[in-house]
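The values are calculated or read from the model by the stated rules, or taken from the named source; none is laboratory data. Since this is a predicted model, take the numbers as computed values, not measurements. Methodologically, a virtual Cβ is constructed for each residue, glycine included, from the backbone with ideal geometry; neighbour enumeration extends over all protein chains shown. Calculation scope for accessible area: heavy atoms of the full protein, side chains included, ligands and nucleic acids excluded. Shrake-Rupley method; radii C 1.70, N 1.55, O 1.52, S 1.80 Å.
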Amino acid sequence: MPTAASDTAQAAASAQAAASAQTTSSAQTTSSGQTTPSAQAGDIVIDICGVNKWYGAFHVLKDVNLQVCRAERIVICGPSGSGKSTLIRCINRLERHQSGRIVVDGVELTSSLKGIEKVRREVGMVFQDFNLFPHMTVLQNLTLAPVWVRKMPRRQAEETALHFLERVRIREQADKYPGQLSGGQQQRVAIARALCMNPAILLFDEPTSALDPEMIKEVLDVMIELAEENITMVCVTHEMGFARTVADRVIFMDGGEIVEQNTPEAFFSNPRFDRTRQFLGQILKH
Ligand SMILES: Nc1ncnc2c1ncn2[C@@H]1O[C@H](COP(=O)(O)OP(=O)(O)OP(=O)(O)O)[C@@H](O)[C@H]1O
Ligand SMILES: [Mg+2]
């Protein structure tokens, strides 16, 4: 469970330069029917290789391999407890993996604080439960990390914040406190906060699952717009409409493993494994 402190670190973490040379990724299907990125090595912005993680004796991530290309949009789905959150939290070192390699934009995640800081400058994260500071206004939530971590002049930070609030269509709420906003509005504030740090990569951990149905759409609409902007997105969600519309690749996890991955079209029309079919059968019923 992320704490307010870890969230600040995270907000602080999101990042500097939106990637300069954005290239559109493509995918190819291997003989096993799995889809892998076909871009050249230089295009891979997240490289997860043979990663294992344990919580005590519990093996939560089992030899996970995943390469994400710059500007690629990945949706991760799977049953509760399958390790989805753990995996994406490893990408910005909110969780530590015990073996294997995770390289984010050329920086390997190790215990080096310098490396972790560097990665966190590139990676923004949006959590299920927003993680806004309740005692700060929306504007203060958005300017905190740019001012204190990036040393951005306050006026410039406020201008940036208002720009992104406008983008998520919530500009008029700038002076309110999070408790005075709906869940959908709070999540849009959280997305704007991540954008204020200009991240190259955005991680979403079930950003709509704490929301009432009528608020889900307003958040998904914002995410769909973001997806058109070449930002690399890794999104844990069970919003399969979103996956179909936006994802370049859908990944299915179960029991700490990536069971199957494919383009949305192939994933939904022709799931290869029983576990995937069973899972899709359950969630597509709703
Ligand atoms: N800090 C922790 N300590 C011990 N076990 C943990 C910890 N965090 C997660 N787990 C366990 O690891 C497994 C994977 O958890 P994780 O949160 O990654 O799953 P998930 O796929 O995101 O599930 P959900 O869909 O419910 O969010 C679960 O069995 C969970 O109980
Ligand atoms: Mg989770």
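Which ones in region 220-269 are open to solvent by 50 Å² or more (accessible area, probe 1.4 Å), in contact (Cβ under 8 Å) with a residue 60 or more places away in the chain and more than 16 Å from ligand 1 (Cβ to nearest atom)? Once the filter is applied, which keeps residues that are open to solvent by 50 Å² or more (accessible area, probe 1.4 Å), in contact (Cβ under 8 Å) with a residue 60 or more places away in the chain and more than 16 Å from ligand 1 (Cβ to nearest atom), region 220-269 yields only Asn230. In summary, helices (runs of 4 or more DSSP H) completely within region 101-195 and bearing 1 or more residues that are over 30 Å from Cys49 (Cβ atoms) occur at 138-148, 154-167.
Kindly check whether there is at least one residue in region 272-282 that is in contact (Cβ under 8 Å) with a residue 40 or more places away in the chain, touching a Ser or Thr at 6+ places or on another chain (Cβ under 8 Å) and among the aromatic types (Phe, Trp, Tyr). So far as region 272-282 goes, no, none of its residues is in contact (Cβ under 8 Å) with a residue 40 or more places away in the chain, touching a Ser or Thr at 6+ places or on another chain (Cβ under 8 Å) and among the aromatic types (Phe, Trp, Tyr). The set of residues in region 196-215 that are buried (at least 22 other Cβ atoms within 10 Å of the Cβ), in contact with a strand residue (DSSP E or B) (Cβ under 8 Å, 6 or more places away or on another chain) and part of a loop (DSSP other than H, G, I, E, B) comprises Met197, Pro199, Ala200, Pro207.
Being touching a helix residue (DSSP H, G or I) at 6+ places or on another chain (Cβ under 9 Å), open to solvent by less than 10 Å² (accessible area, probe 1.4 Å) and more than 20 Å from Ile231 (Cα to Cα): is that true of Leu61 here? Here the answer is yes, as Leu61 does meet what is asked. Exactly one residue among Thr137, Thr143 is modelled with pLDDT of 95 or more and touching a Phe, Trp or Tyr at 6+ places or on another chain (Cβ under 7 Å), and that residue is Thr137. Checking each residue in region 76-98 for being among the polar types (S, T, N, Q), within 13 Å of ligand 2 (Cβ to nearest atom) and more than 12 Å from Phe252 (Cβ to Cβ) picks out Ser80, Ser85, Thr86. Which members of region 270-286 meet the condition of being aromatic (Phe, Trp, Tyr) and either closer than 17 Å to Glu72 by Cβ or surrounded by 14 or more Cβ atoms within 10 Å (Cβ to Cβ) (or both)? The answer is Phe279, and nothing else. Reported count of residues in region 158-184, each being touching a residue at least 24 places away in the same chain (Cβ under 8 Å) and more than 23 Å from Asn230 (Cα to Cα), is 11. Consider Arg89 carefully, then state whether it is at pLDDT 95 or above, basic (Lys, Arg) and touching a strand residue (DSSP E or B) at 6+ places or on another chain (Cβ under 7 Å). Against the criterion (at pLDDT 95 or above, basic (Lys, Arg) and touching a strand residue (DSSP E or B) at 6+ places or on another chain (Cβ under 7 Å)), Arg89 does not qualify.
Scanning region 105-112 for any residue that is β-branched (Val, Ile, Thr), away from ligand 1 (no atom under 11 Å from the Cβ) and crowded, with 22+ Cβ neighbours inside 10 Å turns up nothing. Can you spot a residue in region 163-172 that is more than 19 Å from the chain's Cα centre (by Cα), among the aromatic types (Phe, Trp, Tyr) and modelled with pLDDT of 95 or more? Within region 163-172, none of the residues are more than 19 Å from the chain's Cα centre (by Cα), among the aromatic types (Phe, Trp, Tyr) and modelled with pLDDT of 95 or more.
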